[in-house]
Amino acid sequence: MRTLWFRNITLWLAVLGAALPLTAQVNTGELRLRVTDSVGLGLKASVTVSGGASKYRNVFDTSAAGEIDVKALPYGIYLVRAEKAGFAAHAETVEVRSSLPASRVIALAVASVTTSVEVNGTAPLIDPYRPSSVMQIGSEQIQERVASLPGRSVQDLVNSEPGWLYEGNAVLHPRGSEYQTQFVIDGIPLTDNRSPSFGPEIEADDLESASVYTAGIPAEYGRKMGGVVELNTRRETGDGWHGQAVLAGGSYDTASAYLRVQDVWGKNTFGASASGSMSAHYLNPVVPENYTNRGTTGDFSVNFERDLTQSDRLSLSVRHELSRFEVPNELVQEQAGQLQTGDTIETMGTVRYQHIFSPNSLGTLAGMVRDNGNDLYSNQNSTPIIATQHNDFREGYFKAAYSLHYGRHEIKAGVESDTIFLHENFQYSITDPTQFDAGTPTAPVPFLAGDVDVEPSAFVEDLIRLGKWTVSAGLRWDHYQLLSNQSAFSPRVSVGRYVPSLNMVLHASLDRVFQTPSFENILITSSHWINQIDPSVLHLPVQPSKGTYYEGGMTEGFKGRMSVDVNVYRRDVRNFADDDQLLNTGVSYPIAFDKAVIYGGEAKLTLVRLGKLSGFASYSYMVGNAWYPVTGGLFLGDDAVAALSQTTGHFPDSQDQRNTFRTRFRYQVATRIWFAAGTNYGSGLPFAYTGDEPTALAEYGPAVISRINFDRGRILPSMAANASLGVDLYKRDRTVVRFQVDGDNLNGRLNVIDFGGLFSGNAIAPGRSFAVRLNTSF
């Protein structure tokens with residue numbers, strides 16, 4: 001198997017090296033500006049680019065020739081303001097709607113000696129030509145976010161948006177989906193589980209902006225379709241050295257450091273970043289005492305980019321990340337002296353190329369290779385089982401795309417291929433046989449296997465402008481080959497209508513989706529090795545999920561100060577993906593049910609600026625139900641019997657939290673001082689517990705059980721209030737030193753996220769905590 005991997009990965013590297021691919025920024029564009037005087041000579045000037053709908057704002061300095069290239073701008077309309085001493089400021093709007101660079105020349109007139117000219121242009125609050133709902137996270141929200149525990153800074157930002165929920169250990173669930181989130185980092189999709197116990201952290205300080213999709217998803221995206229999160233990393237454009245340094249610390253012995261530097265000279269850009277963190281509250285504990293829960297993370301990356309010509313750009317990047325952590329104990333395990341530890345190590349490289357064929361057409365190639373390993377260790381005092389696991393995968397990804405502007409059309413077509421070489425190694429030894437079915441072997445031979453997950457695809461999409469109407473239409477083809485061999489076509493269409501008199505956009509979308517199963521531990525659960533554990537076993541190959549997403553909604557802006565987003569949706573999914581755990585080991589694997597129906601509504605009010613006040617408030621309502629029978633996965637003993645006998649009926653989806661409310665408002669106290677406060681409320685998730693209340697009381701204690709409603713089968717509501725105070729200690733030219741202090745769960749409530757049973761899903765949110773952060777940018 002290792003020889004097969006080496007041969008295939010060598011082939012991938014040869015293909016990537018021959019193609020010199022560059023990842024295209026997905027749903028982002030580029031703005032090329034030149035600032036001149038009245039006769040056309042270049043001016044070194046200050047340029048501010050801001051977008052109200054995209055929540056983007058940045059200040060740049062042009063070169064001595066007056067030129068600047070602003071990259072990775074989310075699609076939308078931007079206000080561009082150019083200023084230089086001795087000249088009258090100028091502001092105009094520019095639309096970015098495709099991967100093709102948008103070019104503008106801004107001519108500044110000499111300021112009158114006797115007249116002061118003030119330009120008061122404001123960034124458009126809504127995007128009148130966006131045909132679907134997209135939640136945007138801007139640089140201010142990223143930089144002023146409430147402090148996160150290590151491993152979850154990006155997840156916390158995404159979880160602040162309506163329609164998203166946490167389960168334990170920062171596993172994100174968009175609109176009721178299980179493990180169906182993909183992160184797209186500068187155009188490269190990562191479809192594996194990126195929660196702290198599975199994958200290394202994506203550091204929020206690396207980001208300039210993020211776009212979050214749960215409907216109206218472009219045909220360019222596939223495979224993991226619960227939600228798509230586009231992450232655009234930070235880029236400086238001015239010549240010379242730039243960077244950022246962050247030091248932070250707080251409750252639970254938490255400490256972190258982050259450093260990013262970038263040098264721009266001529267047509268070259270070199271950047272490097274490094275970060276590290278530690279905490280005694282790395283994962284969500286299963287009991288309030290927070291036993292055995294220390295973790296550390298580390299990250300290092302370098303990147304290089306060169307504009308070979310005006311039409312060609314090449315870049316390379318390498319990133320190495322790791323995390324090491326303890327697995328939290330419950331009361332019985334702590335008394336026995338159990339210590340379980342895990343780690344994740346990942347190395348990823350990308351090579352990227354872009355060519356502009358003409359002012360109306362652009363081609364891109366993208367490639368990535370990645371090596372990821374996950375380990376689990378248990379000491380001899382572990383109960384009820386000693387589990388050891390060594391899993392790894394190697395991934396080769398390739399994509400080619402072509403973009404064309406033709407009249408009213410922005411057309412994009414492409415192909416991609418993702419090949420993942422899976423290896424799984426698992427062994428266990430039972431120390432408490434009373435926790436297992438009679439006859440379960442106490443120490444079977446280890447499991448060792450490997451296989452290849454092959455997922456090629458192709459897509460075409462067109463963004464059409466028809467007056468006040470905007471239509472996005474696309475078609476995607478996907479193929480999946482691992483446990484089954486399936487293909488599907490997925491049409492997608494979104495329609496938007498701008499109503500100028502109300503400053504409102506009405507939109508509706510329909511997405512067909514083909515979702516491939518999660519590959520974590522999928523080999524062990526489909527193997528005959530399991531038969532030696534229990535003679536009563538049910539194997540059902542996990543099939544891809546197929547579904548249809550519907551959404552309708554509106555976005556309205558009010559006097560340039562406030563916007564309101566309202567959406568209603570429904571998801572119909574066949575072979576609905578869920579997960580289960582192997583014995584009592586905490587090793588999760590995918591399963592599937594016949595179907596699921598999820599529906600709900602969301603609303604978000606965004607206050608852009610009302611005097612010194614800004615912020616947001618959001619509300620989500622969701623109902624999710626899944627239907628028997630089970631259609632995929634592994635079931636042992638009594639679970640196998642139940643799976644065969646339970647063929648009708650439905651039950652609440654595990655993410656069926658009916659009501660979620662979030663808010664955060666910011667007040668500018670003085671020029672360099674701001675204060676923010678907010679709250680997070682959830683009405684509680686459902687749970688399935690096979691034991692009785694006295695048993696749960698012995699395992700978890702009265703504090704946890706007091707937050708559980710056994711009669712309704714639901715966790716009691718959670719609520720956490722937060723507050724932040726920020727001060728700009730130093731600000732001169734491009735150097736800014738900021739200090740921030742945060743408090744979270746200031747109300748001190750014991751918030752239970754999940755409740756499951758012995759080593760199978762309990763999760764408790766952090767208690768009252770505080771953090772400080774010193775951020776220096778230059």
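The values are calculated or read from the model by the stated rules, or taken from the named source; none is laboratory data. Just so it is clear, the structure is predicted and the values come from calculations on it, not from any experiment. Neighbour counts are summed over all protein chains in view; Cβ atoms, including those assigned to glycine, are modelled from backbone coordinates with ideal geometry. Ligands, DNA and RNA are stripped out before the accessible areas are found, and what is left, the full protein with its side chains, is counted by its heavy atoms. Shrake-Rupley method; radii C 1.70, N 1.55, O 1.52, S 1.80 Å.
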Inset, instruction - Compute, for ARG768, the solvent-accessible surface of its heavy atoms (probe 1.4 Å) with the complete set of protein chains present, and express it in square angstrom to the nearest 10. - result: 130 Å²
Inset, instruction - Take every DSSP beta bridge with both residues inside the chain and express the antiparallel ones as a percent of the total, to the nearest 5. - result: 95 percent
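Please compute the net charge surrounding GLY701, taking Lys and Arg as +1 and Asp and Glu as -1 over other residues with Cβ under 12 Å from its Cβ. Don't jump to the answer; show the numbers that get you there.
Numbers: positive: ARG707; negative: GLU289, GLU330, GLU334, GLU699.
Net local charge, GLY701 excluded: -3.
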Legend entry - Net charge contributed by nearby residues that have their C-beta within less than 10 Å of PHE770 (K/R +1, D/E -1): -1
Inset, instruction - Just round it to a whole percent: the fraction of Cα-Cα distances in segment 426-500 exceeding 15 Å. - result: 74 percent
Inset, instruction - Could you look at segment 353-507 and say what percent of its accessible area is carbon and sulfur, using a 1.4 Å probe and all protein chains? - result: 60 percent
Legend entry - Accessible area (Å², 1.4 Å probe, nearest 10) - VAL568: 90 Å²
Legend entry - Bridge type composition, segment 113-264 - antiparallel percent by DSSP, nearest 5: 85 percent
Inset, instruction - Decide, for the chain, between rounded, prolate and oblate: order the square roots of the alpha carbon gyration tensor eigenvalues as a ≥ b ≥ c, take rounded if a/c falls under 1.5, and otherwise choose prolate if a/b is larger than b/c, else oblate. - result: prolate
Inset, instruction - Return one whole number: the accessible area per residue of segment 159-207 in Å², for a 1.4 Å probe. - result: 14 Å²
Inset, instruction - Determine the per residue accessible area of segment 681-744 with all protein chains present and a 1.4 angstrom probe, expressed in square angstrom. - result: 51 Å²
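Would you kindly state how much longer the chain becomes between LEU746 and SER501 on full extension, computed as 0.36 nm times their sequence separation minus their alpha carbon distance, in nm to one decimal?
Full extension from LEU746 to SER501 adds 83.8 nm.
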Inset, instruction - Give the long-range amide H neighbours of MET562: residues separated by 5 or more places, or on another chain, with amide H under 5 Å away, using H modelled in the peptide plane at 1.01 Å from N. - result: VAL608
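Is the C-alpha gyration tensor of segment 121-256 telling us rounded, prolate or oblate? Criteria: a/c under 1.5 is rounded; beyond that, a/b larger than b/c is prolate, otherwise oblate.
Oblate, because a/c is 1.5 or more while a/b does not exceed b/c.
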Inset, instruction - Grab the other residues whose beta carbon is less than 9 angstrom from that of LEU729, score K and R as +1, D and E as -1, and report the net. - result: +2
Inset, instruction - Pull out the extension gain between ASP572 and VAL415, defined as 0.36 nm times the separation in residues minus the alpha carbon to alpha carbon distance; nm, one decimal. - result: 53.8 nm
Legend entry - J(HN,Hα) series, segment 365-373, from Karplus relation 6.51 cos²θ - 1.76 cosθ + 1.60, nearest Hz, glycine and proline x: 10, 9, x, 8, 10, 8, 10, 10, x
Legend entry - Given charges at beta-carbon only (K, R positive; D, E negative), |dipole| of segment 32-108 in Debye: 200 debye
Inset, instruction - Using only Cα atoms, locate the centre of segment 124-173 and the centre of segment 717-778, then give the distance between them in Å, rounded to an integer. - result: 15 Å
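Within the chain, which whole H helices from DSSP have a Cα span along their axis of at least 20 Å and a mean Kyte-Doolittle hydropathy of -0.5 or more, if any? Walk me through the intermediate numbers first.
On the way: long enough: 2-19 (25 Å, 0.89).
Span-like helices here: 2-19.
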Legend entry - segment 542-582-segment 314-347 distance, computed between alpha-carbon centres (Å): 32 Å
Legend entry - Theoretical ellipticity at 222 nm over the chain - DSSP helices of four or more residues, -39500 (n - 2.57) apiece, nearest 500: -2000 deg cm²/dmol
Legend entry - Reach of LYS44 by Cα under 24 Å, taken over lysines that are not fewer than 8 positions away in the same chain: LYS71, LYS84, LYS267, LYS731
Inset, instruction - Would you pull out the residues with amide H under 5 Å of ASN27's amide H, same chain only if 5 or more places away, H placed 1.01 Å from N? - result: none
Inset, instruction - Sort 219-230, 610-621 for me by packing, meaning the mean count of neighbouring Cβ atoms within 10 Å per residue, highest on top. - result: 219-230, 610-621
Legend entry - Which of TRP241, TRP469, TRP674, TRP477 is most accessible, then next, and so on - probe 1.4 Å: TRP241, TRP469, TRP477, TRP674
Inset, instruction - Please give the peptides 718-730, 586-598 ranked by average Cβ packing (other Cβ atoms within 10 Å per residue), highest first, as a rough proxy for protection. - result: 586-598, 718-730
Inset, instruction - Report, by chain and number, residues whose modeled amide H sits under 5 Å from the one on LEU308, excluding near sequence neighbours (fewer than 5 apart, same chain). - result: ARG313, LEU314
Legend entry - Part-to-part distance (alpha-carbon centres) for segment 197-243 and segment 665-715, which is given in Å: 29 Å
